[in-house]
Structure formats: C-alpha cells, structure tokens
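The values are calculated or read from the model by the stated rules, or taken from the named source; none is laboratory data. Everything numeric here is computed off the predicted structure, so don't read it as measured data. Backbone-built Cβ (ideal geometry, glycine too); neighbour counts: all protein chains shown.
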Amino acid sequence: MGSWIAVLLALLIAAAHPLQPPASAPIPAGDEFQFPLATWSPTCLGFGSEWRYCNGVPLRTCPSGAVWLHTGTDEVATVGQPVAAAGDGVIAGYLVDPTFRGGVLIRHQLSTGVVITQYWHVWLRSGFVVGTQVKRGEVFANVADMGDRTHFHFAVFNGDMESHAWNGALPPSACSGFPAFPYWFVDPTGFIEAHLPPVRVARGARF
C-alpha cells in the first residue's frame, strides 16, 4: 500500500512541476548577426535556385547544359537603399563588375571559425575601403542601380577568404574547373535566423 502512495505522490509532484525544456545556449556576442536590409523580401532566386534571370534566361550553364545553382538569396531592393553589415567584421574584398556592379566581402571571426558574408549589386559608401572594420548593423553601402533588374544579393560562405567566396553561383556537379554547389556556401537566411541576437525585454516592461 505504501508503494502505491509513493507513486501517487510522485505523479502529483511531477504534474505540479512539469519538466522544462533546456534553454538553448546563448549566442556569443561576437557571433550575433542581423539581416543587412531593413526589409527581407525574396525575389525569384533563392539559395540553390537555378541561376537564371527572372524571365527564365540562364546566366551560366555547364557543357552538359545544366544550369548553375545560386549561392545566395536575391532580395527586393530599391536604388540607394542602405546596406548594413550583417555582423562585426572587416571588409576583406571589393570589386566592380560592369554587369553586376559592386561586390563586397566581409570577413567575420566567430567563436566557431571564420565566415565570409557576400554583398552584390551595391556601392561602397565614402570612407569604407578594404581593411575597414565594421560593426553589426553599420551601414557601409547602398544598393546600386541596375534598372529593372535592381535587387540585392546576399550570401554566406562558411570558410575563410579564397577566390570562390566571390561566386554568385556554382555548378551542380564539377564543370569548367569550379567546385560543385554548394561548396562552402550555406543558406544565408537560415544562417542569419540562427544567429539573431536574443530579444531583450526592458526592465519594468508590462504586458
């Protein structure tokens, strides 16, 4: 009889004090990221999409006819829209292409290693050059004018600086001397969402 009473008491205690799921580990301050645009509305090209213009014309194909796959995400943007650094880092590269306008790479030293964020179709603001340190949320560029194709491209390269960190697309299998998709690229939206700073509630706030 005593054993049944003990079991009943244990069940009552468990019901009154249910187990709480373990809290997720806090993100180290230097590992926090944010979206580089104030708005985040995807266009026709996302991570892993076939690299085509929105009208369906391929930008690059392999000899086999396979269309290269997009390494980042294209977001709706307006000419001159401010572009902010996704995280604390150093501008590690800047180049200008006649078709795609300006491209910027920012190198971030995380607790887990180095990550490169890639920003295409932008112009650097005055005072920002290769070697400039930037803070998360600091506006360093503006969206470039590409006419009716104006948009913003963002990618995350999960590795240190190398030539392929510039790639806007990679073949689905090795061709033309390039590595296959995704190589070291990761889903940029998923990466940012996993590294957003925690929501801090002001002391004394009431709901």
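As a summary of the residue check, Val122 satisfies the conditions (1) modelled with pLDDT of 95 or more; (2) farther than 17 Å from Ala165 by Cα; (3) of a type in the set (A, V, I, L, M) except for the one numbered (2). Checking every residue in the stretch 81-101 against the condition of being aliphatic (A, V, I, L, M), touching an Asp or Glu at 6+ places or on another chain (Cβ under 9 Å) and not in a strand (DSSP E or B) gives at least one match. Confirm whether Asp74 is surrounded by 17 or more Cβ atoms within 10 Å (Cβ to Cβ), closer than 26 Å to Val139 by Cα and modelled with pLDDT under 95. Answer is no for this residue.
Take the conditions (1) surrounded by fewer than 21 Cβ atoms within 10 Å (Cβ to Cβ); (2) over 19 Å from Met161 (Cβ atoms); (3) modelled with pLDDT of 95 or more; Phe100 misses just one of them, which is (3).
Being of a type in the set (Ser, Thr, Tyr) and not in a loop (DSSP other than H, G, I, E, B) is the requirement here; does Tyr183 meet it?
Judged against the criteria, Tyr183 is not a match.
If you take the residues in the stretch 174-207 that are exposed (fewer than 10 other Cβ atoms within 10 Å of the Cβ) and modelled with pLDDT of 80 or more, which one is nearest to Val67 (Cα to Cα)? Here the answer is Gly177.
Based on this model, can you work out whether Ala10 counts as out of contact with any strand residue (DSSP E or B) (no Cβ under 6 Å at 6 or more places or on another chain), surrounded by 10 or more Cβ atoms within 10 Å (Cβ to Cβ) and modelled with pLDDT of 65 or more?
no
Restricting attention to the stretch 104-152, the residues being farther than 12 Å from Pro36 by Cα, aliphatic (A, V, I, L, M) and in contact (Cβ under 8 Å) with a residue 40 or more places away in the chain number 8.
Based on what the data block shows, is Gly131 closer than 23 Å to His70 by Cα, assigned to a loop (DSSP other than H, G, I, E, B) and modelled with pLDDT of 95 or more?
Working: closer than 23 Å to His70 by Cα: no; assigned to a loop (DSSP other than H, G, I, E, B): yes; modelled with pLDDT of 95 or more: yes.
For Gly131, the condition - closer than 23 Å to His70 by Cα, assigned to a loop (DSSP other than H, G, I, E, B) and modelled with pLDDT of 95 or more - is not met.
Condition test on Leu69, is it buried (at least 17 other Cβ atoms within 10 Å of the Cβ) and closer than 30 Å to Pro28 by Cα? Spelling it out, it is not the case that Leu69 is buried (at least 17 other Cβ atoms within 10 Å of the Cβ) and closer than 30 Å to Pro28 by Cα. Within the stretch 28-49, residues that are free of Cβ contacts under 8 Å to residues at least 60 places away in the same chain have Cβ atoms under 7 Å from residues that are surrounded by fewer than 14 Cβ atoms within 10 Å (Cβ to Cβ) and not hydroxyl-bearing (Ser, Thr, Tyr) in these pairs: Cys44/Cys54, counting only partners at least 6 apart in sequence or on another chain.
Residue under question is Val139, and the condition is that it be closer than 17 Å to Pro82 by Cβ, surrounded by 18 or more Cβ atoms within 10 Å (Cβ to Cβ), at pLDDT 95 or above and out of contact with any helix residue (DSSP H, G or I) (no Cβ under 9 Å at 6 or more places or on another chain); does it hold?
no
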